[in-house]
Structures are given as C-alpha cells and as structure tokens.
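Note sheet for the following structure.
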Amino acid sequence: MLALIGRRLLVTLPLLLFVTLLVSLMSLLVPGDPAVQIAGENATHEQIELTRQRLGLDRPWHERYLDWLAGAARGDLGNSVFTNDSVSQLLQERLPVTLALTLSALVFAALVGVPAGILAALRRNRWQDSLIRGVATIGIAMPGYWLGLLLLMVFAIQLGLFPTIGYTPLTENPAAWLHGIVLPTVALGAPAAAEVARQLRRSMIDTLQQDFVRTATAKGLRYWMVLGKHALTHAANPVVTVLATQMALLLGAAVIIEKVFVIPGIGELAVNSVINKDLTIVQGIVVVTTLVIVVTNLLADLAHAWLSPRTR
Amino acid sequence: MMPVDTRKTDTSSAPETAVAHYRHRWRFLRRFLSHPGAVLGGAFLALVAVLAMFGPHLAPHDPLQNNLGQVLQPPSGDHWLGTDDLGRDLLSRLIVATRITVQAALISLAVGVGIGVPLGLAAAIMPPLLGGLLMRITDGIMAFPPILLAIGVLGALGPGLTQAMIAVGVVFVPRFARLTRASVQQVYHETYIEASRVIGTPLRRILRWHVLPNITGPLVVQIAVTCGFAMLAEAGLSFLGLGAQPPDASWGALLGRALPYVNTAWWLGIAPGLLITLTVLATNAVADGIGDSLGRGSRRQK
C-alpha cells in the first residue's frame with residue numbers, strides 16, 4: 001500500500017512540473033503586450049516601460065518561470081497582473097466553494113447511479129432496465145447547465161421551493177447552504193449519475209455471469225448475501241474508475257453550473273481571467289485543479305487496491 | 001476503450017476485390033439499418049445538416065433585425081418561439097445558429113484528428129522509448145478536466161469561436177493519439193506487414209495500404225462519439241461567453257443569453273437546450289449504431 005502511494009507520488013511530481021511548464025509557455029503565445037494593456041490607453045513609452053519592469057516582463061521567460069516555481073513551492077502562486085490580488089488568496093476563497101459543489105454532485109451521482117445500475121442489471125431487459133437505460137441515455141446527452149436552467153425555472157421560480165440566487169457559505173449556515181446547493185448538485189450530478197448507472201449495469205451483468213457467483217449461490221448463500229458481499233464488491237471496481245474520471249469532468253462542468261446558479265466559485269474567476277487575459281490567475285487555477293485531480297486519482301487507486309486484493 | 005479485433009488475420013487488410021468491398025459496405029448498411037435508434041438519429045442529423053446548409057434561406061425573419069417594440073415576446077403566430085431581449089426572432093436565430101454550431105464541431109474534430117492521428121501513428125512506429133514518452137505526455141494532458149483545459153488554452157488565445165474550438169480540439173488530440181497508437185500497434189507487427197517491409201515497400205505505402213485500413217473502423221467510431229462531445233463543449237464555452245461572439249450566435253450562446261431572463265422569458269431557454277440535447281442524443285445513437293455495425297470485432301454484445 002505504501003509502495004503504491006510512493007510510486008504514484010513519484011509520477012505526480014513530473015506531471016505537475018510539466019503542466020506548469022505548459023501553462024507558462026502559453027504566456028508566450030498571448031498576442032499583444034500585457035504591459036501596454038495595463039498601462040492604459042494614453043500611457044507614454046516610459047510608463048509602459050515602468051509597468052513592464054513592475055510586472056517583471058523585461059526579464060527572460062525562463063527566469064520568470066523559475067521565480068514563479070520557487071514561489072509556488074512555498075504556496076505563493078503570484079499576483080494578478082491587473083488587480084495585483086494574491087492568486088493564492090483568491091483560490092483559497094473560491095476553490096472550497098467549487099470543491100463542495102463538485103463533491104456533493106459526486107455523492108449525488110453515486111447515490112442515484114449505483115442503485116439504478118444495480119436495479120437495471122438485476123431486471124435486465126425488463127421495463128425497469130429499459131427505463132433506466134433510456135433516462136441514462138438522455139442524461140448523458142443533456143447539457144447539465146440546461147438541466148440546471150430547467151430546474152431553476154420549475155423549482156425555484158414557479159414553485160418557489162429553492163432560492164434562485166445567492167450563495168450561503170457552508171461555514172456560515174450549513175442548513176441554508178444545503179438548501180441552496182440542492183439544485184446545482186442535481187444539475188451537475190445528473191450526467192455523472194447516468195454514466196455511473198450505465199457502467200455499473202454493464203459490470204454487474206458481467207459479474208453475475210461469473211463462476212464464483214454461481215458457486216456462492218449453489219452453496220446455499222442467501223440472495224442478498226451473494227449480491228452484496230460477492231457480486232457488488234467485484235462489480236464496484238470499474239465504478240471507482242468512473243467516479244474518479246467523473247471528478248475531473250465535474251470540476252470542469254462546475255464552472256458552467258456556477259454561472260447558472262451564481263455561485264462564487266472558481267468558474268467566474270476563470271472566465272473573467274480568460275476575458276481579461278490575466279494569465280497568472282488562469283495558471284493558478286490550472287495548477288490547483290491538476291493537484292485536486294492527482295489526489296483524486298490517488299484515492300481511486302487506493303480504493304481499487306482495497307476492493308480487489310490482486311492489485312495490492 | 002473500444003474493443004478492437006484481435007483475431008484479425010493476414011487477409012483482413014489485403015487489397016480487396018471490388019465485389020468483396022461492395023459486400024462489405026452492404027453488410028454495414030444492413031446492420032446499421034437494423035438499429036432503429038441509429039436510423040432515427042441519422043434522420044435527425046440530416047435535418048440539422050439541411051438547416052446548417054440552407055439556414056439563412058429558411059429563417060422566417062432576419063435573425064439580426066432588432067425590433068425594440070417587440071422585446072421578449074412569448075411564442076405567437078408570428079414568432080413561433082418568441083423574441084429575445086432585442087426583439088429578434090428566436091426561431092430564425094436558432095436556424096441560423098445551426099451552421100455556426102456545426103462548423104464549430106467540425107473545426108474541433110479536424111484539430112483533434114489532424115493532430116492526434118499523425119501523433120499516434122508516429123508514436124506507434126517510433127522507437128518504443130520515445131513513443132512511450134510521447135504517450136506519457138498525452139496521458140498527463142488527458143487527466144485534465146476538458147472544459148478547464150479548453151479555458152486554459154483560451155487564456156492564451158483569447159475568447160472567440162474559432163479559438164474556442166481549437167481549444168476543444170486540443171482536448172481531443174490525446175484521445176485520438178492513444179486510439180491510433182493502440183490500433184496501429186495491433187497490426188504493425190503482423191507477419192504480412194513485416195513481410196512487406198522486408199521486400200522493401202516504402203513506409204508510406206505500408207501505412208496507406210496496410211495500416212490505415214485497419215484503424216479506420218475504431219477511428220470512425222471515435223469520431224462519431226467525439227462529435228457529440230464537441231457539440232456539448234462548444235455549447236458550454238459559448239454559454240460562458242467564451243465562444244461565439246455577438247451578434248453571431250451558436251445554440252450554446254443563445255442559451256447563455258437566455259440566462260438573465262429566466263424569470264421573465266422562460267421560452268428563450270427551452271428551444272436552444274432542447275435542440276442541443278436532441279442533436280447530441282442523435283449523434284450518440286448514430287455512434288452506437290456505427291460501432292455495432294462495423295466489422296466482427298467491434299460489435300459488442302449487449
């Protein structure tokens with residue numbers, strides 16, 4: 001187990017370095033001179049030159065990258081080119097919001113997708129199966145933000161059951177947070193739930209046909225024991241992989257859902273930074289999300305090892 | 001990943017006679033037509049294609065004509081889907097947006113296939129060490145959330161539809177590269193290709209006549225699957241305002257524009273979303289149909 005973690009961490013470090021290098025190289029591609037933009041329209045040559053010095057743009061690219069890297073290692077991701085806000089500070093405020101939304105969507109996906117997948121597999125080719133497969137097919141094709149828009153129209157505006165906008169931080173009032181996060185969670189988690197259900201159905205059907213399940217049934221084990229103890233642990237493995245990939249997808253999709261429900265996460269920050277060409281912030285967001293995904297994959301690997309002793 | 005035929009024999013990619021080729025194609029069509037979902041999806045996509053080609057002629061109103069006297073009108077006999085915040089006819093805007101949406105999906109596919117396939121091909125025939133390194137890099141890019149990667153690329157390119165679709169195409173590159181490499185590796189060391197190499201066939205001819213025919217199947221399926229994703233990605237980025245820029249609109253951009261009016265003009269948000277969902281649904285159904293209808297190995301038992 002420890003060796004596994006160690007091996008993964010060894011792979012992770014080069015990956016993180018590579019991603020930062022890539023993002024940093026992108027800054028060379030940006031058309032136009034940021035210094036000219038920031039100095040304003042009527043800036044003189046000296047003013048532009050001063051701005052350039054202040055931003056460190058007069059130094060060669062590799063020096064800036066190494067500087068940034070040294071800062072990043074200490075948790076300082078630099079400052080916004082425009083507002084001079086600390087990027088670490090901005091991310092510290094906004095990332096927890098997005099992460100909470102993403103995690104609750106993941107939980108929703110598991111809570112809905114797992115029973116649906118099992119039911120579909122057990123009632124294979126009957127109406128329950130057809131229904132679940134049909135809904136899942138639509139769920140995968142439907143953009144989550146459109147579902148969000150529809151939910152917002154029906155449940156928040158027409159029925160008034162949920163707040164339309166306004167976000168309450170979890171630390172401030174957990175009940176209000178939960179109330180406000182329900183619709184975004186459903187909108188974000190629905191496609192993931194569909195994917196989980198499809199995957200679990202397939203792997204459960206495969207598992208149910210295997211010899212060890214027949215043996216367990218033949219030796220007189222109760223139906224639910226066979227299902228729960230033998231089949232499910234075996235079938236759960238691909239689902240863990242799906243959940244890990246979904247985490248990455250959800251983190252991206254959350255950016256769009258946040259816009260629908262006006263949630264102050266990294267989504268708005270990312271979009272505004274792209275429009276303003278504030279690359280330091282984009283860079284910070286990219287690096288931090290990579291880190292989150294690397295950790296998720298590590299957790300998924302551990303879960304794999306726990307579920308199937310063969311890979312341990 | 002795609003199930004790929006491992007039982008392929010030496011004859012599978014040998015130059016076929018015209019008759020065998022014809023029979024092949026016919027079998028594919030027969031199988032495809034036996035999937036009602038795929039046929040229905042294909043018909044819907046044909047409709048979308050007609051809208052994309054002749055949209056400007058089919059639109060009942062001028063999609064860019066502001067009419068401030070008729071702002072945010074609900075659906076009526078004159079404006080079937082209502083009007084938007086500038087009094088423009090939503091139906092006309094949707095029809096005209098079809099071309100932009102389809103174009104966007106095609107651009108990203110072209111970028112993904114155009115870079116990904118040669119990259120995978122190169123990685124497969126390169127020395128294993130180099131090829132492996134190349135694949136590690138694509139692995140790293142693939143681990144990334146697609147939308148965020150696209151936003152990162154857009155950070156460098158600036159917002160705009162073409163830039164957005166290049167960004168989405170970049171997301172697809174590793175997927176196509178991996179698939180190509182895997183498919184090529186499966187056949188590249190078959191005896192008939194080794195034999196061909198030994199007798200001095202130029203690399204280019206080997207690739208064209210022996211390798212490419214073997215990877216088209218999985219590649220076509222992957223393109224079809226990716227197509228649906230490209231549409232969702234374009235819609236998402238345009239929804240955020242990073243894709244199509246006004247006055248141009250794609251379906252996603254129309255949906256994004258509807259957002260501030262959910263309270264007052266619900267109809268603006270229904271039609272574009274429905275159209276996106278149906279198109280992606282149709283694309284996925286066609287992709288499934290193609291996957292099930294292609295050669296022996298690519299068929300999956302349900």
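The values are calculated or read from the model by the stated rules, or taken from the named source; none is laboratory data. Since this is a predicted model, take the numbers as computed values, not measurements. A quick note on method: Cβ atoms are made from the backbone with ideal geometry, for glycine too, and the neighbour counts reach across all protein chains shown.
Remarks
- Pairs with Cβ under 7 Å, 6+ apart, first in region B:240-254 and under 21 Å from A:A270 (Cα atoms) and more than 11 Å from chain A (Cβ to nearest Cβ), second part of a helix (DSSP H, G or I) and of a type in the set (D, E): B:G243/B:E234
- The lone exception for A:I263 - which of (1) in contact with a helix residue (DSSP H, G or I) (Cβ under 8 Å, 6 or more places away or on another chain); (2) within 14 Å of another protein chain (Cβ to nearest Cβ); (3) assigned to a helix (DSSP H, G or I) it fails: (3)
- Residues satisfying the stated conditions in region B:160-178, i.e. among the hydrophobic types (A, V, I, L, M, F, W, C) and closer than 11 Å to B:L119 by Cβ: B:V173, B:F176, B:A177
- Tally, over region B:194-213, of residues that are part of a helix (DSSP H, G or I) and over 26 Å from B:P174 (Cα atoms): 5
- Residue among B:D78, B:D85 that is loosely packed, with under 14 Cβ neighbours inside 10 Å and not small (G, A, S): B:D78
- In the set (1) under 18 Å from B:G256 (Cβ atoms); (2) in contact with a His (Cβ under 7 Å, 6 or more places away or on another chain), B:Q73 fails one condition alone, (1).
- Residue in region B:273-282 that is surrounded by fewer than 20 Cβ atoms within 10 Å (Cβ to Cβ), touching a residue at least 40 places away in the same chain (Cβ under 8 Å), not in a helix (DSSP H, G or I) and not charged (D, E, K, R) present: no
- Of residues in region B:148-200 being of a type in the set (K, R) and more than 25 Å from B:I100 (Cα to Cα), the one nearest to the other protein chains (Cβ to nearest Cβ): B:R178
- Residue in region A:61-75 that is under 25 Å from the mean Cα position of the chain (by Cα), under 30 Å from A:V262 (Cβ atoms) and either at pLDDT below 75 or surrounded by fewer than 18 Cβ atoms within 10 Å (Cβ to Cβ) (or both) present: yes
- Filtering B:T191, B:T180 for residues that are of a type in the set (S, T, N, Q) and modelled with pLDDT of 85 or more leaves a single hit, B:T180.
- Any hit, region B:121-142, residues being closer than 24 Å to B:V280 by Cα and either away from chain A (no Cβ under 14 Å) or among the aliphatic types (A, V, I, L, M) (or both): yes
- Residues of region B:128-169 that turn out to be farther than 23 Å from B:A182 by Cα and touching a residue at least 40 places away in the same chain (Cβ under 8 Å), as a count: 12
- When we screen A:A235, A:A244 for residues that are part of a helix (DSSP H, G or I), more than 14 Å from chain B (Cβ to nearest Cβ) and touching an Asp or Glu at 6+ places or on another chain (Cβ under 9 Å), the only hit is A:A235.
- Filter result (assigned to a helix (DSSP H, G or I) and surrounded by 15 or more Cβ atoms within 10 Å (Cβ to Cβ)) within region A:158-182: A:A176, A:W177, A:G180, A:I181, A:V182
- Some residue of region B:214-224 being within 14 Å of chain A (Cβ to nearest Cβ), in contact (Cβ under 8 Å) with a residue 40 or more places away in the chain, buried (at least 18 other Cβ atoms within 10 Å of the Cβ) and assigned to a helix (DSSP H, G or I): yes
- Qualifying residue in region B:134-142 (condition: of a type in the set (D, E, K, R) and modelled with pLDDT under 80): yes
- Screening B:G132, B:G155 for residues that are part of a helix (DSSP H, G or I), more than 19 Å from the chain's Cα centre (by Cα), at negative phi and surrounded by fewer than 18 Cβ atoms within 10 Å (Cβ to Cβ) leaves exactly one candidate, B:G132.
- Residues satisfying the stated conditions in region A:111-150, i.e. under 21 Å from the mean Cα position of the chain (by Cα) and either within 14 Å of chain B (Cβ to nearest Cβ) or over 26 Å from B:F229 (Cβ atoms) (or both): A:A136, A:G139, A:I140, A:A141, A:M142, A:P143, A:G144, A:Y145, A:W146, A:L147, A:G148, A:L149
- Breaking point among (1) under 18 Å from B:I223 (Cβ atoms); (2) assigned to a loop (DSSP other than H, G, I, E, B), for B:D85: (1)
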